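In what follows, a single structure is set out as structure tokens and then discussed.
The values are calculated or read from the model by the stated rules, or taken from the named source; none is laboratory data. Since this is a predicted model, take the numbers as computed values, not measurements. Neighbour counts run over all protein chains shown; Cβ positions are idealised from the backbone, glycine included.
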Amino acid sequence: MTFIVTSFTRYHIFQTADRLVSLRGAPYERRSNKNVIMRTWDAVATVGYTGVAYFGATPTDQWIAEVAWEDAFGRGMGSVQSVPTLWEVATRLQSKLRDELITRKLTAHYHEIVISGFFCPRGAKVRLRPFRWLIRHQPGKGGQVDFVTTSLRNLPTQRLTAYPIGQIDYDVAKKMISSLSMVGSEGEETFQECLDNFQSYLVEAVRQTALSFPGTVGEDVTSIHLFWDAEGGPEAKITYFPKVQESMSFGAAVASPVSYSPWILTPSGYFSPSLVSGAGAGWKTDHFKFEIVNMANASSDQNQMSWKSFEGRSAPGYRRNASSWASNSTRAVFDDITIGPPGAS
């Protein structure tokens, strides 16, 4: 299970999630990605999931990416064969999720995919239309998978509307919503300060929920912020909030904090989950820009940056060497991890 909060203003969307995968109620993998960022032909979106963490040997975030794009992706960066519309992404995920749950006999497991973003056709100068779509399977309903579309109209400009899913502590959720409603109410905060406060309250809500459900919700958090940049195009800002900061060394150089990126799919190509060290990283592709930030290093004057493709986590029942980080000249080394039996979620 996990805890994901998707939040909206009229021109800004946040999706904040923990990174813990659990196995029978106990921590199993602490570095997992729960989000996929995509630029389809007609939208920019962040996709999060809660529920089943693997389909066979494939992590669910990779499964979402490959089903959505109908492609088999490797590690690192590469080209894509075609670019779907958002509707094609959603219907593919709904159909394939139904097949997987029935074929793998997982219908007793709750599973939910939330797709949130803005409709914005490539190259078109149109008013942004935020949306929130859900693809949901509930136990006790056989192989039924529901697809619910929501167009979010008349949203306030500087007040966040929040939708949590997954392992919810309702006292924490109520406190979060109350805190969010107070942002900017005194009229003294700048708009950027409002956005920073929005994000901090969302991150804190995930961590407070982790204290209530320590075996199934983690305290390491990834927050994705979608918005329209000053040049008039969509941008995704990916911020990693580690509870305990990890670092890596470059030979004799000072150890540098690291962060993790999710799957990123664009018309120009794909970027697989990766380890990013240094002050941060940013790329601009065709009609889409994204930036990766590590809060532990956000104010650092250390400009050395490295992007390393992460050899994705293995499914339960498999074994991998956790030191398998692709690198041109350096390698971040961790101890071997022995993976347990199937059933992680």
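Determine whether Arg39 is farther than 22 Å from Thr107 by Cα, in contact with a Leu (Cβ under 9 Å, 6 or more places away or on another chain), of a type in the set (D, E, K, R) and at pLDDT 90 or above.
On the way: farther than 22 Å from Thr107 by Cα: yes; in contact with a Leu (Cβ under 9 Å, 6 or more places away or on another chain): yes; of a type in the set (D, E, K, R): yes; at pLDDT 90 or above: yes.
Spelling it out, Arg39 is indeed farther than 22 Å from Thr107 by Cα, in contact with a Leu (Cβ under 9 Å, 6 or more places away or on another chain), of a type in the set (D, E, K, R) and at pLDDT 90 or above.
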Within the stretch 1-35, how many residues turn out to be part of a strand (DSSP E or B), closer than 18 Å to Leu275 by Cβ and of a type in the set (S, T, N, Q)? 1
If you scan the stretch 92-119, which residues turn out to be farther than 17 Å from Thr40 by Cβ and assigned to a strand (DSSP E or B)? His111, Glu112
Yes/no for Phe3 being buried (at least 21 other Cβ atoms within 10 Å of the Cβ) and either of a type outside the set (D, E, K, R) or modelled with pLDDT under 90 (or both): yes
Taking the stretch 67-94 and keeping residues in contact (Cβ under 8 Å) with a residue 40 or more places away in the chain and among the polar types (S, T, N, Q) leaves Ser79, Thr85, Thr91, Gln94
Please work out which one of (1) buried (at least 23 other Cβ atoms within 10 Å of the Cβ); (2) hydroxyl-bearing (Ser, Thr, Tyr); (3) under 18 Å from Glu112 (Cα atoms) is the condition Thr58 fails and give its number. (1)
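Could you tell me how many of the residues in the stretch 80-91 are in a helix (DSSP H, G or I) and buried (at least 17 other Cβ atoms within 10 Å of the Cβ)? Show your work before the answer.
If we filter the stretch 80-91 for residues that are in a helix (DSSP H, G or I), which is where we start, we get 86-91.
Narrowing further to those that are buried (at least 17 other Cβ atoms within 10 Å of the Cβ): 86, 88-90.
Final tally of qualifying residues: 4.
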Could you say which residue among Gln138, Gln158 is at pLDDT 75 or above and at negative phi? Gln138
